[in-house]
Amino acid sequence: MNVEKIQEGHVFLIDKPLDWTSFDVVNKIRWNIRKAYNLKKIKVGHAGTLDPKATGLLLVCTGKWTKRIDEFQAQEKTYTGTIKLGVTTPTYDLESEEDHTFPTEHITEEIIHEATKQFIGEIEQFPPMHSAVKVDGKRLYELAREGQEIERKARKITIHDFKITKIDLPFVDFEVNCSKGTYIRSLAFDFGKAVNSGGYLTALRRTKIGEFDVINAENFALEKSYFEEENTTEEV
């Protein structure tokens, strides 16, 4: 891949590593491109944040293709993951310690499968307190770190499909196909309440964004040598 293609526009399909932020990935690719091609500036951006504790498909656009980020973000997304029932955490995932416990003795496979039905279609969802949503100019996670819990406005999202793929209580594996703006952490929390218990996300992986599939993801762009080798080949 030559520098002209990078500047004209390209989309990298990245399988985001665990504990990397989406901005970590963008910054790594930007740094690699700038160093490999001796560029002072290059536009690089991602099309849809993944939480640090999530893995899977992240689209990273360069050059003029950064103008298509909104288009990519608007597409349907598919996730797989695991919910632990009977407990909650403040962040609704593994980024914080378990804080409350709830009974699970009453939960059956029938109750679990039945509970998924109430989430299918257009629903209202509240973003987690530990999220990047802004309220009065301040990120919710900043307020949460200060110990504040404020009222959040519900957002309309669409769950196209919600399948339970494995039940090994207290853990439940699932696959979800949903619209832009869906917080799977909130879905896990709300699902816990739907089965009259608690719940939080212990694993999450994004497998698809529109027609893009994580099986086609290649993490070469996270290595500086990828660009150096390509650039050297062009000049020989």
*Which lysines have a Cα less than 21 Å from the Cα of residue 180, not counting those fewer than 8 places away in the same chain?*
16, 53, 67, 77, 117, 134, 153, 156, 163, 208
*Placing +1 at every Lys and Arg Cβ and -1 at every Asp and Glu Cβ, with all other atoms neutral, what dipole size does region 1-63 have around its Cα centre, in debye to the nearest 20?*
320
*Among 28, 77, 193, what's the order by accessible area (1.4 angstrom probe), most exposed first?*
193, 28, 77
*Name the residues whose placed amide hydrogens come within less than 5 Å of the amide hydrogen of residue 126, ignoring near sequence neighbours (fewer than 5 apart) on the same chain.*
155
_16 Å reach of a label modelled at residue 43, 7 Å along Cα-to-Cβ, counting backbone N of region 1-32_ = 4-12, 30
*asked:* If amide hydrogens are placed 1.01 Å from N in the peptide plane, which non-local residues have theirs closer than 5 Å to the one on residue 202?
replied: 82, 83, 84
*Surrounding net charge for residue 28, when Lys and Arg each add one and Asp and Glu each subtract one, Cβ distance under 10 Å*: 0
_With viscosity set to 0.890 mPa s at 25 °C, what whole-number translational diffusion coefficient in µm²/s follows for the chain from Stokes-Einstein and a Kirkwood radius over Cα pairs?_
128
*Work out from phi, with θ = phi - 60° and the Karplus expression 6.51 cos²θ - 1.76 cosθ + 1.60, the ³J(HN,Hα) of each residue of region 70-87, listed in order in whole Hz, and give x for Gly and Pro.*
4, 4, 5, 5, 6, 7, 5, 10, 10, 10, 10, x, 9, 10, 9, 8, x, 8
_Where the chain is the region considered: accessible area per residue in Å², 1.4 Å probe_ = 54
*How much of the accessible area of the chain, probe 1.4 Å, is carbon plus sulfur, in whole percent?*
47
*Cut-off under 5 Å, modelled amide H: who pairs with residue 9 long-range*: 64, 65
*At a 1.4 Å probe radius, which order do 95, 105 fall into by accessible area, largest first?*
105, 95
*Using a 1.4 Å probe, how large is the accessible area of residue 10, given in Å² and rounded to the nearest 10?*
40
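The values are calculated or read from the model by the stated rules, or taken from the named source; none is laboratory data. Small disclaimer: the values here were computed from a predicted structure and weren't measured. Every residue, glycine as well, gets a Cβ built from its backbone with ideal geometry; the counts of neighbours run over all protein chains shown. When the accessible area is computed, the model is the full protein with side chains, heavy atoms only, and any ligands, DNA or RNA have been set aside. Shrake-Rupley method; radii C 1.70, N 1.55, O 1.52, S 1.80 Å.
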